1. Could you please find all residues in the stretch 290-320 being open to solvent by 40 Å² or more (accessible area, probe 1.4 Å) and either more than 15 Å from Glu269 (Cα to Cα) or not in a helix (DSSP H, G or I) (or both)?
2. Of all residues in the stretch 160-206, which are more than 22 Å from Ile221 (Cα to Cα), in contact with a helix residue (DSSP H, G or I) (Cβ under 7 Å, 6 or more places away or on another chain) and not aliphatic (A, V, I, L, M)?
3. Residues in the stretch 227-254 that are in contact with a helix residue (DSSP H, G or I) (Cβ under 8 Å, 6 or more places away or on another chain) and either touching a residue at least 60 places away in the same chain (Cβ under 8 Å) or hydroxyl-bearing (Ser, Thr, Tyr) (or both): how many?
4. Quick one: Glu233 ticks every box in (1) out of contact with any Gly (no Cβ under 6 Å at 6 or more places or on another chain); (2) open to solvent by less than 40 Å² (accessible area, probe 1.4 Å) bar one, so which box is it?
5. When the stretch 191-206 is examined, which residues are found to be within 14 Å of ligand 2 (Cβ to nearest atom) and part of a loop (DSSP other than H, G, I, E, B)?
6. Just need a number here: residues in the stretch 156-165 that are surrounded by fewer than 24 Cβ atoms within 10 Å (Cβ to Cβ) and either within 14 Å of ligand 1 (Cβ to nearest atom) or farther than 19 Å from Glu95 by Cα (or both).
7. Here's a check for you: in the stretch 256-303, which residue that is of a type in the set (Val, Ile, Thr) and out of contact with any helix residue (DSSP H, G or I) (no Cβ under 9 Å at 6 or more places or on another chain) is nearest to Leu329 (Cα to Cα)?
8. Does the stretch 110-133 hold any residues that are under 21 Å from the mean Cα position of the chain (by Cα) and over 19 Å from Asn82 (Cα atoms), and which are they?
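The values are calculated or read from the model by the stated rules, or taken from the named source; none is laboratory data. The shown structure was predicted, so the numbers you read here are calculated from the model rather than taken from an experiment. All Cβ positions, even for glycine, are placed from backbone atoms using ideal geometry, and neighbour counts span all protein chains on display. With ligands, DNA and RNA removed, areas are computed over all heavy atoms of the protein, side chains included. Shrake-Rupley method; radii C 1.70, N 1.55, O 1.52, S 1.80 Å.
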Amino acid sequence: MECSAIAHCIMSTTEISGQGPAYPAGTILAADDASIAAAAAVLAHGGTVAVPTETVYGLAARADQDASVAAIYRAKGRPDFNPLIVHVPDIAAAERLALFDDRARLLAAAFWPGALTLVLPRREGADLAAAVSAGLPTVALRCPAHLVMQAVLRACGLPLAAPSANRSGAISPTRAAHVAASLGDRVDLVLDGGDTRQGIESTIVGLRVDGGWAVLRPGPITPEAIAAVLGMEASDHDRAKIEAPGQLASHYAPGKPVRLNASEAAADEFLIGFGHVAGDTTLSATADLAEAAARLYACLHAGAADPRPRIAIAPIPDAGIGIAINDRLRRAAA
Ligand code: AMP
Ligand code: MG
């Protein structure tokens, strides 16, 4: 575990009292009952905690206070206020914040807890900071499956806003060391739960009140799987009608040029392989798309750290989770 190298890991967590966080900012703690209780105390006091989920590490803060939501933006250095995804421990907690229709209940029953985010009408009087949905009448909700995130949500008893725990526009973190390298002491506490399992951000689905639906951000749950549950295909018409700010053209940037669809590397390129394209490292030697998604950001981090000035990436089939991988790669190359 990365955290073995970090002296703060062995600090006692008993210093956390009702008075607020007792660790130096940026402390990494192995996730266990004591550190989860410490994280809940930091969050209750309006602080930020990086928490592993099944997708990527999230930068969590309580979603019911403008000041704590602002702390997320400050830590990430986000230039503008995009809406954030709000995380809840179960459907009951989600229904206190948003209006669920039959389709939303079907999707939640099929995919929660898991890597699906639903954009739904915000419930009137919902205890959410205005900043969390950036003035939209809707709110994006997810019930994550990761045991550490679940435990944190239950320990603090608050909905948590949690975008990826990296500086704005940079590569998303899939391990605690990525969070530390990107945010350092800009985050109050980091819970180390090892490598994330799925590795790319959740699928975001928008449901229109009067019928249609659209994938607003591709992710681990495919459009086919969603259409199978809803008994209806997504439509571009609906996508155009659902406001989804913040899907920026340049994102996940490794800080050097990225070339896509490369079958071999030039002398100055670090090659990320897939299938029969071997590369300096590979997303998946067996061409397994789920493995490729799980390894995507770690491979981009490796390319960013390599002395060679450019990154090249093998072609990835544009089907299933490959759609989400290619979405991230296009933004990394933009
Ligand atoms: P994340 O950075 O993973 O928290 O994801 C935030 C993204 O979710 C935003 O940039 C939007 O694209 C999308 N999103 C969040 N809330 C909404 C909303 N109310 N309506 C539409 N899209 C949203
Ligand atoms: Mg992000």
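1. Within the stretch 290-320, Ala290, Glu291, Arg295, Pro307, Arg308, Pro309, Arg310, Pro315, Pro317, Asp318, Ala319 qualify.
2. Asn166, Arg167, Ser168, His178, Arg186, Asp188, Asp192, Gly193
3. Within the stretch 227-254, residues that are in contact with a helix residue (DSSP H, G or I) (Cβ under 8 Å, 6 or more places away or on another chain) and either touching a residue at least 60 places away in the same chain (Cβ under 8 Å) or hydroxyl-bearing (Ser, Thr, Tyr) (or both) number 9.
4. The one condition Glu233 does not meet is (2).
5. Thr196, Gly199, Ile200, Glu201, Ser202
6. Number satisfying all stated conditions: 1.
7. Val277
8. If the condition is that a residue be under 21 Å from the mean Cα position of the chain (by Cα) and over 19 Å from Asn82 (Cα atoms), then Ala110, Phe111, Trp112, Pro113, Gly114, Ala115 are the ones that fit.
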